[in-house]
Amino acid sequence: MSVVSRATAIAHPNIALAKYWGKRAYGHNLPAVPSLSVTLAGMATTTEVAFDASLERDELHLGGAALPEGAEATRRVAGLLDRVRAASGRRERARVVSRNDFPTAAGLASSASAFAALALAASAAAGLPTAPAQVSDLARKTSVSAARSAFGGFVELRAGRPGDEALAATPLAPEDHWPLAVVIAVTREGPKDVGSSDGMRHTAATSPYFPAWVDAAPALFEEVRAAVLARDFAALGAAAEASALRMHASSIAAAPALLYWTGATVEVLAAVRRLRGEGTPAFFTIDAGPHVKVFTTPEAQGAVERALLAVPGVLRTISAVPGGGARLAPAGAIGTPSASGGAADGSAGA
Ligand code: PMV
């Protein structure tokens, strides 16, 4: 019987208040702009990695289903495992079993929680250091947003610089720094959008507004950062909305245009402005999809949920609060591949 080294990790998605969109041209998967996010509690990806000498290739099981060898998600997972093998001297292939406890069919899950959990579990299983900064750098090499999910609370990631090879996110403030609430307005179930990596590559290659976005992003990041530290909701809302809108403007100006929004997306933006006009604290952000993430206070969360559910085209809402970073879980936390069913259809590939 072959020796199996295994570890299980749990990580949470994060939502960027200052957006990452675009990579540096000099390789190493470095972000072209600084970003700042909030890691969420409540939604989680659990991933078990088992290095096993009897395996002939890396295997990926998502939500109870084995993915084919050539699948994009399998390829990205194998890329991260190759880095872990190179750093640890291990040669065995690994079985990766991953599940989300939140529905991913709507393209809501970013790759953040998936690759943060994978980086931590694979590092632990291979005997590599599991300090958050090392996990963050490893995750970032596959998915930039995943670097931020290594940490909890408010997390920042600077832009890449020439000569960088390692780059990790850093914690800015803990999860209890500021009790914000977020209400996600789900505006579509169904097929995925153009993935974020493809979307930003296309934008960088064809949008005349991409350089303007890269120029504008650092100042918006600084505004977001200062507002988070000062707990200034109005200032945070203004800067976060500008970051999301300028990111999307750069993509809308690509050729052909990359428009992630639907009519319902725009209706939600109008509803958020209406709420604000009535004195309810609320601001929005939008990622590479049609859903809108609305930040508010815990006191106003119920009112925001009701207002968003009343918007034509909003199918349902998901609510969350800031949460902790990636952590190791007890052995067996994932269950067996066949028992790990659920809605996860893309936890490592989004
Ligand atoms: O690293 P990725 O491929 O998950 O890119 C994330 C891009 C956005 O979600 C749109 C913005 C962000 O900073 O999370």
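Candidates in the range 290-299 are the residues that are out of contact with any Lys or Arg (no Cβ under 8 Å at 6 or more places or on another chain) and within 17 Å of Gly313 (Cα to Cα); of these, the one that is farthest from the ligand (Cβ to nearest atom) is Val294. The number of residues in the range 176-208 being over 21 Å from Ala249 (Cα atoms), touching a Phe, Trp or Tyr at 6+ places or on another chain (Cβ under 9 Å) and not in a helix (DSSP H, G or I) comes to 5. Per the listing Ala119, Ala133, Ala159, the residue uniquely within 15 Å of the ligand (Cβ to nearest atom), outside any loop (DSSP other than H, G, I, E, B) and in contact (Cβ under 8 Å) with a residue 24 or more places away in the chain is Ala119. Residue under question is Arg246, and the condition is that it be under 27 Å from Gly302 (Cβ atoms), of a type in the set (Lys, Arg) and in a helix (DSSP H, G or I); does it hold? In short, no.
Scan the range 15-72 for residues that are over 26 Å from Leu245 (Cα atoms), outside any loop (DSSP other than H, G, I, E, B) and over 15 Å from the mean Cα position of the chain (by Cα) and the total you get is 13.
Matching residues to (1) more than 13 Å from the ligand (Cβ to nearest atom); (2) within 20 Å of the chain's Cα centre (by Cα); (3) surrounded by 15 or more Cβ atoms within 10 Å (Cβ to Cβ); (4) not β-branched (Val, Ile, Thr):
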position: Val186; (1), (2), (3), (4): yes, yes, yes, no
position: Gly190; (1), (2), (3), (4): yes, yes, no, yes
position: Ser197; (1), (2), (3), (4): no, yes, yes, yes
position: Met200; (1), (2), (3), (4): no, yes, yes, yes
position: Ala212; (1), (2), (3), (4): yes, no, no, yes
position: Leu229; (1), (2), (3), (4): yes, no, no, yes
position: Ala239; (1), (2), (3), (4): yes, yes, yes, yes
position: Ala244; (1), (2), (3), (4): no, yes, yes, yes
position: Ala257; (1), (2), (3), (4): yes, no, no, yes
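Applying the condition of being of a type in the set (Asp, Glu) and assigned to a helix (DSSP H, G or I) to the range 209-238 and asking which residue is farthest from Leu172 (Cα to Cα) yields Asp215.
From the list Arg148, Arg76, Arg83, Arg95, the one residue that fits, being in a strand (DSSP E or B) and touching a residue at least 40 places away in the same chain (Cβ under 8 Å), is Arg95.
Rule-based calculations on the coordinates, nothing more; no lab input. Note that the structure is a prediction, hence the values are computed from the model and not measured. Positions of Cβ are backbone-derived with ideal geometry, glycine not excepted, and every protein chain shown enters the neighbour counts.
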